[in-house]
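To keep things clear, I will list the structure first and then write my remarks on it.
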Amino acid sequence: MATSRYEPGAEIGVGAYGTVYKARDPHSDHFVALKSVSVPNGGAGGGLPVSTALEVALLRQLEAFEHPNVAWLMDVCATSRTDQEIKVTLVLEHVDEDLRMYLDKAPPLGLPAETMEDLMSQFLRGLDFLHANCIIHRDLKPENILVTSGGTVKLADFGLARIYSYQTALTPVVHFGRLRWADHEVRRLRPSWLTQ
């Protein structure tokens, strides 16, 4: 499947390794998210970023389950743009808003208790599914928790996720960006210099 199949739309996000665009599939009339990553074409240091390769591998491993609370990877496309660069595009399920946007639209008195309970329950089902499949997300924050127009929660952005086995010792080998949203297991083990 080529990315030219999709009608491009607006940019909806920029991350460390790529840019995400909203696009429409004219065959199905559904929207998708296109996560584009540019990588050097050959030479020293060339190759797909490890985070992108891991994200694709994890999502491919999980796609057979079609869990309702995990965003789906629909396809991966590679298109050479120049002699120096290859553009790799992940075609993902599109969701209109993330948790931050959803909460920003909440009424001044907050969301009803039933809504909060439903959102949290879905979040925990998605997280439990990942953990049951030996996957630690490692980048849970409002921007990576999506909410559909129907109120379904979807965990997304598996670029920092890792597969572990029961024999693997979990260690805090993570670059801390914003500890405010760092996973509990990472915050609990943070070095003392981060709290200063």
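The values are calculated or read from the model by the stated rules, or taken from the named source; none is laboratory data. Every value quoted in this text rests on a predicted model; they were computed, and no experiment measured them. Because the Cβ atoms are built from the backbone with ideal geometry, glycine has one as well, and the counts that use them run over all protein chains shown.
Here are some notes:
- Given (1) surrounded by 13 or more Cβ atoms within 10 Å (Cβ to Cβ); (2) over 19 Å from the mean Cα position of the chain (by Cα); (3) at pLDDT 75 or above, number of the condition ASP29 does not satisfy: (1)
Residue-by-condition table, conditions (1) assigned to a strand (DSSP E or B); (2) at pLDDT 85 or above; (3) within 12 Å of ALA161 (Cβ to Cβ):
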| position | (1), (2), (3) |
| --- | --- |
| VAL37 | yes, no, no |
| GLY42 | no, no, no |
| LEU54 | no, no, yes |
| LEU58 | no, no, yes |
| PHE65 | no, no, no |
| MET74 | yes, yes, no |
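- Going through (1) in the same structural domain as GLY18 (by TED's automatic domain parsing); (2) out of contact with any Cys (no Cβ under 7 Å at 6 or more places or on another chain) one by one, THR89 falls short only on (2).
- If you check ARG100, ARG125 for being assigned to a helix (DSSP H, G or I) and either touching a Cys at 6+ places or on another chain (Cβ under 6 Å) or under 18 Å from ILE12 (Cβ atoms) (or both), only one passes: ARG100.
- Candidates in the stretch 17-26 are the residues that are in contact with a helix residue (DSSP H, G or I) (Cβ under 9 Å, 6 or more places away or on another chain) and over 11 Å from GLU93 (Cα atoms); of these, the one that is surrounded by the most Cβ atoms within 10 Å (Cβ to Cβ) is GLY18.
- Residue satisfying all of: in the stretch 151-176; at pLDDT 95 or above and in a loop (DSSP other than H, G, I, E, B); farthest from VAL50 (Cα to Cα) among these: GLY151
- Verdict on SER121 being modelled with pLDDT of 95 or more, on the phi < 0 side of the Ramachandran plot and of a type in the set (Ser, Thr, Tyr): yes
- Boolean, GLY159 is more than 20 Å from LYS35 (Cα to Cα), of a type outside the set (Ser, Thr, Tyr) and outside the structural domain of SER36 (by TED's automatic domain parsing): no
- Close pairs (9 angstrom Cβ cut-off, 6 or more residues apart or separate chains): assigned by TED's automatic domain parsing to the domain that holds GLU11 in the stretch 25-52, at pLDDT below 75 and part of a strand (DSSP E or B) anywhere: ASN41/SER80; GLY46/VAL39; GLY46/PRO40; GLY47/VAL39; GLY47/PRO40; LEU48/VAL39; PRO49/VAL39; THR52/VAL39
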